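For reference, the structure discussed in these notes is given below.
The values are calculated or read from the model by the stated rules, or taken from the named source; none is laboratory data. What you see is a predicted model, and the numbers here were worked out from it, not measured in a lab. Note that each Cβ is placed from the backbone with ideal geometry, even for glycine, and that neighbours are counted across all protein chains shown. For accessibility, only protein heavy atoms count, side chains too; no ligands or nucleic acids. Shrake-Rupley method; radii C 1.70, N 1.55, O 1.52, S 1.80 Å.
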Amino acid sequence: MTMLIEARALTKHFRIGKNKTVHAVDDVSLHVDKQEILGLVGESGSGKSTFGKTLVGLHEKTSGEVLYKGEKLPSKYRPKDFQKFASSIQMIFQDPYSSLNPRMTVGEIIGEGLRLHSQLGSEQIRESVASWLIKVGLLPDHMSRYPHEFSGGQRQRIGIARALIMEPEFVVCDEPISALDVSVQAQVVNLLDELKSSLGLTLLFIAHDLSMVRYVSDRMAVMYLGTLVEIGASDEVFFDPKHPYTSLLIASNPEPDPESERSRASTTMTGEIPSAVNVKPGCRFAGRCPKVMRICKTESPILKELRKGSIQRLVACHLY
Ligand code: SF4
């Protein structure tokens, strides 16, 4: 396996007011191998989207570093950096409604990256847009229409075409299915999976639906309140979670069968993710953890290796 992108102790804090700091991402180290899909899960407020945006330079990092093919990426992209990395690294955003400019036609939206960052002429860009519309299951005729003329699932396909027309190697998919109807979610996930195989893409797939992430990803990483708490092969993490937060997150995932949904009600997560402002020492999950011990309130657990080998299993919990 060749590592494509690596975060080393990546940290992103936001200052609010004079004395308050939001610890959105704290000291997160992980990597994504070439042609791998790494799923990143956690509740809302866990820091997963901020991590994705900081990883690709859309947020300026507070500390740590990001290496892309072994080369350090800048803290925040300047115009010349966009020129250099725009065709290699792309992002598919969560909300297909707000991420598409309503005043631009679909052809202009999908072709914009090529107009800005390639030497292609307008006819070549048009041909490329038409072929990408077909690849994502739309029609070349849709080029002259506006985003409001499409359904949510079709708009997400337009967002996918806009990112992939640049022929990136690495794509961060930031909750690409959460704004869509359940019936459309599987279609979009299958499309990404197909494109990953045919184009040899590497993806960071951020989502909160764990069963969907297990289906699509090779490895799964779990974040809680800005920190990485568990990472390993997707099936191992899903069927044999080690961190108490991962166990509760999986138990809280909606079950299609109402009978099993009722029977597991007592095992699901209680309370809400606390504020990431001026976090206290100790395990960040201590206030909600059913297995909390005295040490958890004073010492922050570090990631420990439970399984060596090509697919490592790492867990940050004092139980191990
Ligand atoms: Fe629970 Fe302690 Fe493990 Fe944190 S370190 S998850 S509080 S057992």
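Counting only DSSP beta bridges with both residues in the chain, the antiparallel share comes to about 65 percent. In vacuum, with every alpha carbon of the stretch 119-168 counted as one equal point scatterer, what does the Debye formula give for log10 I(q)/I(0) at q = 0.16, 0.19, 0.27 Å⁻¹? Two decimals, please. After summing over all Cα pairs, the log10 values are -0.42, -0.59, -1.10.
Amide H contacts under 5 Å for residue 92: 172, 173, 174, restricted to partners 5 or more places along the chain or on a different chain, H placed in the peptide plane at 1.01 Å from N. Applying a 4.7 Å cutoff between beta carbons, the unpaired cysteines of the chain are 173, 289, 317. Note that the stretch 105-165 presents 47 Å² accessible area per residue, ligands and nucleic acids not counted, probe 1.4 Å. Under 10 Å, Cα contacts only: if you run a Gaussian network model on the chain, which one of 310, 131, 252 comes out with the highest mean-square fluctuation? Result for the chain, Cα springs under 10 Å: 310 fluctuates most. Computed on the Cα trace of the chain, the radius of gyration divided by the Kirkwood hydrodynamic radius gives Rg/Rh = 0.98. In the full protein context, the stretch 167-320 carries 49 Å² of accessible surface per residue, based on a 1.4 Å probe and ignoring ligands, DNA and RNA.
Each Lys and Arg adds +1 at its Cβ and each Asp and Glu adds -1 at its Cβ; summed about the Cα centre, the chain shows a dipole of about 1340 debye.
Accessible surface of the chain, 1.4 Å probe: 51 percent of it comes from carbon and sulfur atoms. Of all aspartates and glutamates in the structure, the ones whose alpha carbon falls short of 18 Å from that of residue 308, not counting any fewer than 8 places away in one chain, are 33, 218, 230, 235, 236, 240.
In this structure, residue 295 and residue 269 have a Cβ-Cβ separation that, at R0 = 25 Å, corresponds to a calculated FRET efficiency of about 0.65. Straight Cα distances below 21 angstrom link residue 196 to the lysines 34, 53, 69, 135, with same-chain residues fewer than 8 positions distant left out. The modelled label-to-label distance between residue 108 and residue 34, using points 7 Å beyond Cα along the C-beta direction, is 3.9 nm. Axis angle, to the nearest 10 degrees, between helix 182-199 and the longest C-alpha principal axis of the chain: 70 degrees.
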